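Heads up, the thing below is written out as structure tokens.
What follows is calculated from the coordinates using simple rules that are stated; it is not laboratory data. Not measured: the values here are computed from a predicted model. Using ideal geometry, Cβ is built from the backbone for each residue, glycine included, and neighbour counts are taken over all protein chains shown.
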């Protein structure tokens, strides 16, 4: 099973709201990722968690706050977002973290976020 | 800087025709290479990967890719395209993070 699940599928939020995106995998993967994808663009890396610790933050604004409660779960907490943050947010996981061996990333279906 | 280039933004092929999508990479050493496919509004599905060894790799859905070190290329091929192959295709290279090309949108005409 190579499934990564994400909830919700769609989210509409105002600029003053607080919401969270959730990602889950049960493949025993020890690295998890958040990507942001704007329309007609490739995914852009936001965060990497390796063994439940934040290892890469690609200079993402603090209104995005990641959390990894355990090895299977990854959350992205959203607060005071801007309309330009509207995008498809993709979660991915891989068996081993970057730089530790050969691996591939498996992606979830994404959460379509609209900020009004 | 590490980069991946997909020269073709759009490609249109007839159903049943062969397909080749181009990908070039620029890395200090041979990176790990991948092809992903994305249908509209969906996540990315891994088609195939190259880590080392045989330079012709087979993937899912009848796709294959050939790694050519001398050309820094990793082109994706399929001998006979089906209408369901219409999607966006991303080539990606893994160094210390996964770097994607800009993507190629495949249209299939019947």
Note to self: Every residue in the stretch B:33-66 that is more than 19 Å from residue B:103 (Cβ to Cβ), in a strand (DSSP E or B) and touching a residue at least 12 places away in the same chain (Cβ under 8 Å), please.
What the structure shows: B:64
Note to self: Looking only at the stretch B:42-67, count every residue that is out of contact with any strand residue (DSSP E or B) (no Cβ under 6 Å at 6 or more places or on another chain) and more than 12 Å from chain A (Cβ to nearest Cβ) and tell me the total.
What the structure shows: 2
Margin query: I need the full set of residues from the stretch B:72-93 which are part of a strand (DSSP E or B), without any contact (Cβ under 8 Å) to a residue 60 or more places away in the chain and buried (at least 16 other Cβ atoms within 10 Å of the Cβ), in order please.
Written below: B:73, B:74, B:75, B:76, B:87, B:88
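Given the residues A:107, A:64, A:47, which is the only one that is free of Cβ contacts under 8 Å to residues at least 40 places away in the same chain, within 22 Å of residue B:90 (Cα to Cα) and buried (at least 19 other Cβ atoms within 10 Å of the Cβ)?
Details: A:107 fails: free of Cβ contacts under 8 Å to residues at least 40 places away in the same chain; A:64 fails: within 22 Å of residue B:90 (Cα to Cα).
Exactly one residue qualifies, and that residue is A:47.
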Check: What number of residues within the stretch A:41-58 are closer than 27 Å to residue B:41 by Cβ, out of contact with any strand residue (DSSP E or B) (no Cβ under 7 Å at 6 or more places or on another chain) and more than 8 Å from chain B (Cβ to nearest Cβ)?
Finding: 0
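I need the full set of residues from the stretch B:1-22 which are surrounded by 14 or more Cβ atoms within 10 Å (Cβ to Cβ) and within 19 Å of residue B:86 (Cβ to Cβ), in order please.
Filtering the stretch B:1-22 for residues surrounded by 14 or more Cβ atoms within 10 Å (Cβ to Cβ) gives B:2, B:4-6, B:8, B:11, B:13, B:15, B:19, B:21-22.
Those that are surrounded by 14 or more Cβ atoms within 10 Å (Cβ to Cβ) and within 19 Å of residue B:86 (Cβ to Cβ): B:6, B:8, B:11, B:13, B:15, B:19, B:21, B:22.
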Note to self: more than 12 Å from every other protein chain (Cβ to nearest Cβ) and closer than 14 Å to residue A:6 by Cβ: is that true of residue A:81 in this structure?
What the structure shows: no
Notebook entry, point to check: Of all residues in the stretch B:92-107, which are in contact with a strand residue (DSSP E or B) (Cβ under 6 Å, 6 or more places away or on another chain) and on the phi < 0 side of the Ramachandran plot?
Noted result: B:92, B:93, B:94, B:97, B:98, B:99, B:100, B:101, B:104, B:105, B:106, B:107
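Would you confirm, using the coordinates I've provided, whether residue B:69 is more than 23 Å from residue A:88 (Cβ to Cβ) and either free of Cβ contacts under 8 Å to residues at least 12 places away in the same chain or surrounded by fewer than 12 Cβ atoms within 10 Å (Cβ to Cβ) (or both)? Spell out the reasoning first.
Details: more than 23 Å from residue A:88 (Cβ to Cβ): yes; either free of Cβ contacts under 8 Å to residues at least 12 places away in the same chain or surrounded by fewer than 12 Cβ atoms within 10 Å (Cβ to Cβ) (or both): yes.
Yes, satisfied.
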